[in-house]
There are 2 protein chains.
Amino acid sequence: MTEEKETEEKIFEAARYVFERDGFSGARMQEIADEAGINKSMLHYYFRSKDKLFHSVFKTGVKKVLPALFQIINKDLTLYDKTVEVVRFYHDLFRRSPHLPMFVLHEMHQHPERFKEFIGEFRQKIPQTFLDQVNKAVQEGKLVPIKPHQFLINVLSLCMFPAIAKNMVVTIFEMSDDDYEAFMKEREEMIPDLIFKGLMFH
Amino acid sequence: MTEEKETEEKIFEAARYVFERDGFSGARMQEIADEAGINKSMLHYYFRSKDKLFHSVFKTGVKKVLPALFQIINKDLTLYDKTVEVVRFYHDLFRRSPHLPMFVLHEMHQHPERFKEFIGEFRQKIPQTFLDQVNKAVQEGKLVPIKPHQFLINVLSLCMFPAIAKNMVVTIFEMSDDDYEAFMKEREEMIPDLIFKGLMFH
DNA sequence: GTCTATATAACGATAGAC
DNA sequence: GTCTATCGTTATATAGAC
């Protein structure tokens, strides 16, 4: 029935909202039911348990964060252009879903086994073409010696940390929400240049 | 009594261990009591409630992460040397306390009010001398235009994110614990040069 | 101060009527 | 498929003996 699909969808969206905001142990089934505007029993009818409902939400969260990264670095682009695309992708994503990066990383941190379960499903290895591209750029003297893994983590660090640490940033720097928005917008432009050129004049 | 102090200390250390690992909502008073080797009632005798015990642990956590940063950037050093010290400080700290950064940032994320409560206590503003130092370096053409806040967040991002995202990193890159250790050691050397010189040959 | 026992509330989950 | 009512457990917290 179309009725069925709608209810399941409503529950899932409510669960996504509450789990992303409160985490697994902080989330309450009652609150998810309230958010979905239905009865608590329906949650179990459609998803059997809190664990299974969470698993579904978590998997969706990981799929929003990781596959696009691998897709971008697998494209036929320069390293610089890949960096620009990755930075833009994450800044757009986290603007729309501010709780997403903390949710995914926190649950990965607490329950790594839940992550490992399905990480293989969507072939999440670093593409060889990307590894080759970085190594070749180093060999040709275009880049200073750096391992592809370090390169990738540098980009991810600069994109994800300020999203994860928003409350620390706005508190210490005494920012308004608009200030923070501008701060992040500025980073979007800055990060690729920082990665490749650094801060010193040359 | 010395007896009193010892028990309170034991409880606090157990609470620190459990809260840092499991977070507020994931932690159980019973587990803290077990970890401390005492009865559950003692937790309430000394700290009244889970909330108050947590608050005490959280405050200590923030104090381990932030004041040292402000102390370092307030020293009489070049920007490069300050960066080296900050990077070394965080890598040493997170090697000893791997759960600390996720704990502090996650609880800040979920309960920003708990953070704001006492952030003023230990004067956690960016020292003016540091702001002046960055702005002066930019004016003198030694650095490309960058705001001091962005500079600081770049350093923190590169230090903290890989510690927070350890499980993601080791899973995606298929690292052992030793691999991860070596990976982080390598970053410690790399980060200051990345910040200032970037990756391109020049 | 430290223990045992228990109060009290909240949570996840299920049974059963409709 | 959706509701009400409730079970069984577990959580924080307290009372009271020693």
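The values are calculated or read from the model by the stated rules, or taken from the named source; none is laboratory data. All values derive from a computational prediction rather than experimental measurement. Positions of Cβ are generated from backbone atoms using ideal geometry, with glycine treated the same way; all protein chains shown enter the neighbour counts.
Checked against the criteria, B:ARG95 does not count as more than 17 Å from B:ILE72 (Cβ to Cβ), surrounded by 17 or more Cβ atoms within 10 Å (Cβ to Cβ) and among the charged types (D, E, K, R). Residues that are assigned to a helix (DSSP H, G or I) and surrounded by fewer than 19 Cβ atoms within 10 Å (Cβ to Cβ) within segment B:121-132 comprise B:GLN128, B:THR129, B:LEU131, B:ASP132, listed in sequence order.
Residue-by-condition table, conditions (1) more than 16 Å from DNA strand C (Cβ to nearest atom); (2) farther than 30 Å from A:ALA182 by Cα:
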position	(1), (2)
A:GLU6	yes, yes
A:PHE19	no, no
A:ARG28	no, yes
A:ASP34	no, yes
A:MET42	no, yes
A:LEU66	yes, no
A:HIS91	yes, no
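Scanning segment A:36-50 for residues that are of a type outside the set (Phe, Trp, Tyr) and surrounded by fewer than 17 Cβ atoms within 10 Å (Cβ to Cβ) yields a total of 8. Every test in (1) aromatic (Phe, Trp, Tyr); (2) in contact with a Leu (Cβ under 9 Å, 6 or more places away or on another chain); (3) more than 16 Å from B:ALA163 (Cβ to Cβ) is passed by B:PHE118 save one, and that test is (2).
Residue count for segment B:36-58 under the criterion of being aliphatic (A, V, I, L, M) and either more than 27 Å from B:MET108 (Cα to Cα) or more than 8 Å from DNA strand D (Cβ to nearest atom) (or both): the result is 4.
Taking the condition more than 14 Å from DNA strand D (Cβ to nearest atom), surrounded by 21 or more Cβ atoms within 10 Å (Cβ to Cβ) and either closer than 20 Å to A:HIS99 by Cβ or within 13 Å of another protein chain (Cβ to nearest Cβ) (or both), does A:GLU31 pass?
no
Among the listed residues A:LYS147, A:LYS125, which satisfies the condition of being modelled with pLDDT under 95, basic (Lys, Arg) and farther than 30 Å from B:PHE58 by Cβ?
From the options A:LYS147, A:LYS125, the qualifying one is A:LYS125.
Does segment B:111-127 contain at least one residue that is away from DNA strand D (no atom under 16 Å from the Cβ), in contact (Cβ under 8 Å) with a residue 24 or more places away in the chain and touching a Pro at 6+ places or on another chain (Cβ under 6 Å)? Within segment B:111-127, one or more residues are away from DNA strand D (no atom under 16 Å from the Cβ), in contact (Cβ under 8 Å) with a residue 24 or more places away in the chain and touching a Pro at 6+ places or on another chain (Cβ under 6 Å). Of all residues assigned to segment B:133-145, at least one qualifies as being over 17 Å from A:LYS166 (Cα atoms), more than 9 Å from every other protein chain (Cβ to nearest Cβ), crowded, with 19+ Cβ neighbours inside 10 Å and in contact with a strand residue (DSSP E or B) (Cβ under 8 Å, 6 or more places away or on another chain).
Looking only at residues in segment A:8-17 that are among the charged types (D, E, K, R) and either near DNA strand C (Cβ under 9 Å from one of its atoms) or touching a helix residue (DSSP H, G or I) at 6+ places or on another chain (Cβ under 9 Å) (or both), the one that is nearest to A:HIS111 (Cα to Cα) is A:ARG16.
Within segment B:120-131, does at least one residue satisfy the condition of being over 26 Å from B:THR78 (Cα atoms) and assigned by TED's automatic domain parsing to the domain that holds B:LYS82? Yes: segment B:120-131 contains one or more residues that are over 26 Å from B:THR78 (Cα atoms) and assigned by TED's automatic domain parsing to the domain that holds B:LYS82. Evaluate segment A:69-77: report whether one residue or more is in contact with a Pro (Cβ under 9 Å, 6 or more places away or on another chain) and not polar (S, T, N, Q). Within segment A:69-77, one or more residues are in contact with a Pro (Cβ under 9 Å, 6 or more places away or on another chain) and not polar (S, T, N, Q). Residues that are away from DNA strand C (no atom under 16 Å from the Cβ), charged (D, E, K, R) and within 20 Å of the chain's Cα centre (by Cα) occur in segment A:53-63; there is at least one. In the set (1) closer than 23 Å to A:PHE173 by Cβ; (2) surrounded by fewer than 19 Cβ atoms within 10 Å (Cβ to Cβ); (3) among the small types (Gly, Ala, Ser), B:SER56 fails one condition alone, (1). Among the residues making up segment A:127-154, those that are touching a helix residue (DSSP H, G or I) at 6+ places or on another chain (Cβ under 7 Å) and aliphatic (A, V, I, L, M) are A:LEU131, A:VAL134, A:ALA137, A:LEU143, A:ILE146, A:ILE153.
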